[in-house]
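The values are calculated or read from the model by the stated rules, or taken from the named source; none is laboratory data. It should be emphasised that the depicted structure is a prediction, and the values quoted were computed from it without experimental measurement. Cβ coordinates were reconstructed from backbone atoms using ideal geometry, including for glycine residues, and neighbour counts include every protein chain displayed. When the accessible area is computed, the model is the full protein with side chains, heavy atoms only, and any ligands, DNA or RNA have been set aside. Shrake-Rupley method; radii C 1.70, N 1.55, O 1.52, S 1.80 Å.
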Number of protein chains: 2
Amino acid sequence: MNRKQALKIYNDQIEKIRAYTLVLSTTSFDRLTIAPVKGNSYRNRMLSIVEGEAYSLQTDKEFIEAVKYLKTQDLGEVMNREIFLANKTLDDLIRFSKEEIMEFSFAQMQGNDAWYKAKMKKDYAIFEPYLLRIIELSKKRLKKRDQSKKPYDLLLDDFEEGMTMNKYDEFFGLIKKELLPLIKKIDRKKDCIDDSFLYKYYPAEKQALFSKEIMKYLHFDPSWGYLGLTEHPFTNALSRNDVRVTTNYDEHDISAAIFSLIHECGHGFYEHQTDKGFDKYLYLNNMSSGMHESQSRFFENYLGKRESFFKLLYPKLQKIFPENLKDVTLEQFIRAVNASKCSLIRTEADELTYPIHILIRYEIEKDIFAGKIDLSQLDKIWNEKYRKYLGVEVKNDSEGILQDIHWSDASFGYFPTYALGSAIGAQIINKMEKDLDLDSLLSKGKFSTVTAYLKDNIQKYAALYTFDEILRRYTGEGFNPHYYIDYLKNKYSRLYGVEK
Amino acid sequence: MNRKQALKIYNDQIEKIRAYTLVLSTTSFDRLTIAPVKGNSYRNRMLSIVEGEAYSLQTDKEFIEAVKYLKTQDLGEVMNREIFLANKTLDDLIRFSKEEIMEFSFAQMQGNDAWYKAKMKKDYAIFEPYLLRIIELSKKRLKKRDQSKKPYDLLLDDFEEGMTMNKYDEFFGLIKKELLPLIKKIDRKKDCIDDSFLYKYYPAEKQALFSKEIMKYLHFDPSWGYLGLTEHPFTNALSRNDVRVTTNYDEHDISAAIFSLIHECGHGFYEHQTDKGFDKYLYLNNMSSGMHESQSRFFENYLGKRESFFKLLYPKLQKIFPENLKDVTLEQFIRAVNASKCSLIRTEADELTYPIHILIRYEIEKDIFAGKIDLSQLDKIWNEKYRKYLGVEVKNDSEGILQDIHWSDASFGYFPTYALGSAIGAQIINKMEKDLDLDSLLSKGKFSTVTAYLKDNIQKYAALYTFDEILRRYTGEGFNPHYYIDYLKNKYSRLYGVEK
């Protein structure tokens, strides 16, 4: 095999794999959004067959040989990275049989379906056997992977290259030490911000009108982006110019859908704004979850929760809901959406308590994969941790262990990237405020200057660099969680008039 | 190869092909409904790659051998028919290369996209080059197929097994001879039915509310059926329990969406009500287009345009649009939706003039594939035929040659099945009224008795028999177009008080 042959084999095969990825992701988006439920079992079975075929393409002998050969070559920075990532992925993939891949994919879809049913019925018992099966299969997979690494470390690295329990322990240790005391202090003063108007009645159809305004403000364009509806909002990019985000309307909480949509649009822009030269690659387009969450959490909090962001939008919101908001000023609205309180639902948590929701999931996942937990007690352990860290009582499973979709399809190791992404965001805002007159841009509706800036400094790289390298190139410094701690302490001590 | 081996090869392979069909149809449904337009070119390319892979599965050497072997065996009525249909399809398919399949599929998608753009801009010039390319590719394909048959006969048979130009010429000859004089007579009296209230302003959101009422009345259930929005309404069944129909709201014509939705639900029920034992087969689920259109046109006209059908529904429609309908009685409404006039748009045409719209397309298609037509004049030929047969002037392309999506993806030979299906419907209604107290059932909202009857007598058979055989088993008589002619002559001569 020479370089030219190897490159041809590689390029031809990844084009095919990309084609399978497209139809599989489309069908998956469809099943999570609109597909009729009685078709689930047939659809899941058919999908797992095509997943199996996609696996065969990825583990094709000649293709693997080409990757191994290209790994020995210097192909320039971009292609070197593509091949590095290909090799890393395939090294794991070839440890499984096609049947195992199909079995796992089928269990993931069954898990999704059972989770949805359980959440609707607020009954963990419906979901429990599927979750236990997903955990069992995940553990079985881990036994086939690199045994020199700890099982959960492998999962953490799947979602964020280079991250380990050691690193996350240090990170979450800092969060516990620095933020828990402040959270407790603020929780005693929680009544000093009035946010009751956020929880009045906001009909979904009218919320949908405001969603359109948000998307217009962000320049999230229907020619390349689509908004759907799901129980658990998510983003799925089928290609750079086909980005799907979903939302969900809580008729008794106007902030939930607003910030969830801004969050998902952050993901969406990241996918849309990668270098178009990367279209012909495969693995370079699999950005790390931490960096992905840094963009979404950045949109949601560091941008979305500023007064300047709502300067133009808030009057539109008032106009849609005069009965609830005509007497609420912009300043009051912003204070309310930033109010901190110990609560049950992660996606609706304020910035300060948010990382504690992640800490809880991280601790549970760590214990699951270290075998230190009684799996029959997962819901009770969940509730106990919420009591211990946030002092709140889970009253029904749907606001407890059933609140997130992630475990239903075995996304273990994903949650920590939400906190990591939030922390990266603090480093970005620190730099961005030096480079841009941010509040002026936001209050004038020049959001495209902000997205262009994020594209040039972060998003265009896709997976070309690790999150740490991107930060270093952009800010001159690798990841440093102290920006996050300082940001939260400053913001919330000021907001509540307490000591840091 | 023995029978057991051949059956195993066959069953394993069709399960894979079904899996590919599912992801391809889902992605195709997605692209026709919600997919962002800037993703089209990438998506189309990727789709054609997977189409190519699906082709490879269908033309796999061992699979073809298994089919040929099984063709020699007596496997019972059901499996014999499955293998007969498999063999018929594959005999054609193997004449093409994978590259030709991919090229054609890509051109079909490009044709769709260009048609949509042209229709939005009411400009045939945008679509023309794509249409000419689709015609050219279709002719090229025909040259590779059975040369003992006439090219257009091959296309007609693709959509309706056994149909030929000879048979359709006779059928359309009857329509011209028997119906054109009546159409002219009635056109002179067209002002005697007031249908002006149908064309007031009906906002799309409120029409959508009535769509839900229609689906409830029909028992078209969201657990197995989904309603989407497209420029050109269609039905796509991803499986027996995953049936998608689409609709489109004309804000200045309330009847368009109502009858289009009832039409598509007719298709939908046919897909949903096939024998569940057929789930494991492939080709048995490809019902003929004529029989399919017989069900949709039956719902739309033979059922949907009766007074009893609207007994319960019309008060709901009045309640949604009191400003337009409060002074219109049910009887007036039914007269209006049955009013006959020579018009431009096929999907909105009344029952009497409808087959003339089909006749026009049939004549043009026949001439295209006989090479008797100047392809650069297609739009002008279209307009000329509308002038000649219906006496109406096409004022812009979107109500002329651009009105239908079918030619954009090379569905040549499909149109005639609409008229055939309409004619089959007359034979069904004749028998059904003997078997059921139809008006009583409809006026009491017992629509599920009607669908159960259609299931037992027609729909459950799927492609087990030809349309002619199904009619013979059900009514005791093969296809006979005189029921159709009599039905139309009786109905319209009575409605307008003219001689037949």
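Each DSSP beta bridge with both residues in the protein assembly as shown is either parallel or antiparallel, and the antiparallel ones are about 45%. Other residues within the sphere of radius under 12 Å centred on the Cβ of A:GLY52, judged by their own Cβ, net out at -3 (K and R +1, D and E -1). Antiparallel as a % of all DSSP beta bridges within the stretch A:165-496, to the nearest 5? If I count the DSSP bridges inside the stretch A:165-496, around 45 percent turn out antiparallel. With its label point defined 7 Å out from Cα along the Cα-to-Cβ axis, B:LYS139 lies at 6.8 nm from the matching points of the other copies, in increasing order. The Cα-based radius of gyration of the stretch A:1-53, divided by its Kirkwood radius, gives an Rg/Rh of 1.22.
Annotation: amide H-H contacts under 5 Å for A:GLY225 (H modelled 1.01 Å from N, sequence separation of 5 or more, or interchain): A:VAL243. Treating each Cα of the stretch B:304-355 as an identical point scatterer and summing with the Debye formula, the log10 of I(q)/I(0) at q = 0.32 Å⁻¹ comes to -1.14.
Here the chain B residue lying nearest the rotation axis onto A, judged by its C-beta and given with the distance in whole angstrom, is B:VAL23, 2. Put simply, the convex hull of the Cα atoms in the protein assembly as shown casts, on average, a shadow of 43.1 nm². Its residues counted as N, the stretch B:413-494 yields a C-alpha radius of gyration over 2.2 N^0.38 Å of 1.16. In the assembled protein chains, A:ASP374 presents an accessible area of approximately 80 Å² (probe radius 1.4 Å).
So what's the net charge close to A:THR353: Lys and Arg +1, Asp and Glu -1, counting the other residues with Cβ under 10 Å from its Cβ? Computed value for this residue: -1.
Going 7 Å from the Cα of B:ASP279 in the Cα-to-Cβ direction, what parts of the stretch B:1-37 have a backbone nitrogen less than 16 Å from that spot? Residues B:15-16, B:18-19, B:22 fall inside that zone.
In the stretch A:168-228, what percent of the accessible surface is made up of carbon and sulfur (1.4 Å probe, ligands and nucleic acids excluded)? Here it works out to 56 percent. Take each residue of peptide B:47-58, count the partner chain Cβ atoms within 10 Å of its Cβ, and average: the result is 3. Each principal axis of the Cα atoms in the stretch B:128-181 has its own extent, and those three values, largest first, are 38, 30, 15 angstrom. Loop-resident GluC sites (Glu not before Pro) (DSSP state other than H, G, I, E or B) in the stretch B:420-500 with no more than 12 further Cβ atoms inside 10 Å of their Cβ: B:GLU499. In nanometres and ascending order, the distances from the A:LEU436 label point to those of the other copies are 6.2 (point 7 Å from Cα along Cα→Cβ). Taken over the stretch A:3-148, the ratio of Cα radius of gyration to 2.2 N^0.38 Å equals 1.24.
Measuring max minus min along each principal axis, the C-alpha atoms of the stretch B:69-176 give extents of 56, 42, 26 Å (largest first). Among residues other than A:GLU77 with Cβ under 13 Å from its Cβ, the summed charge is -2 (Lys and Arg +1, Asp and Glu -1).
Before rounding to the nearest 500, sum -39500 (n - 2.57) across all DSSP H runs of length at least 4 in chain B and divide by the residue total; then give [θ] at 222 nm in deg cm²/dmol. The helix-only estimate for chain B comes to -20000 deg cm²/dmol at 222 nm. Couplings 3J(HN,Hα) of the stretch A:276-287, computed from phi: 5, x, 7, 3, 7, 9, 10, 6, 4, 8, 8, 5 Hz, in residue order, whole Hz [Karplus 6.51 cos²θ - 1.76 cosθ + 1.60, θ = phi - 60°; x for Gly and Pro].
Taking only the C-alpha atoms of the stretch A:313-437, the Rg (one decimal) and the largest Cα-Cα distance, Dmax (whole number), read 18.3, 54 Å.
Size check on the stretch A:230-305: the Cα extents along the three principal axes, sorted descending, read 45, 24, 17 Å.
For the protein assembly as shown, the solvent-accessible area works out to 40 Å² per residue, with a probe of 1.4 Å and every protein chain left in place.
Taking every alpha-carbon pair in the stretch A:29-111 and binning the separations at 5 Å intervals from zero gives 3, 14, 19, 16, 13, 12, 10, 7, 4, 1, 0 percent.
In this assembly of identical copies, the label point of B:GLU15 (Cα plus 7 Å along Cα-to-Cβ) is separated from its counterparts by 3.2 nm, sorted shortest first. Dividing the Cα radius of gyration of the stretch A:165-496 by its Kirkwood radius returns 0.94 for Rg/Rh.
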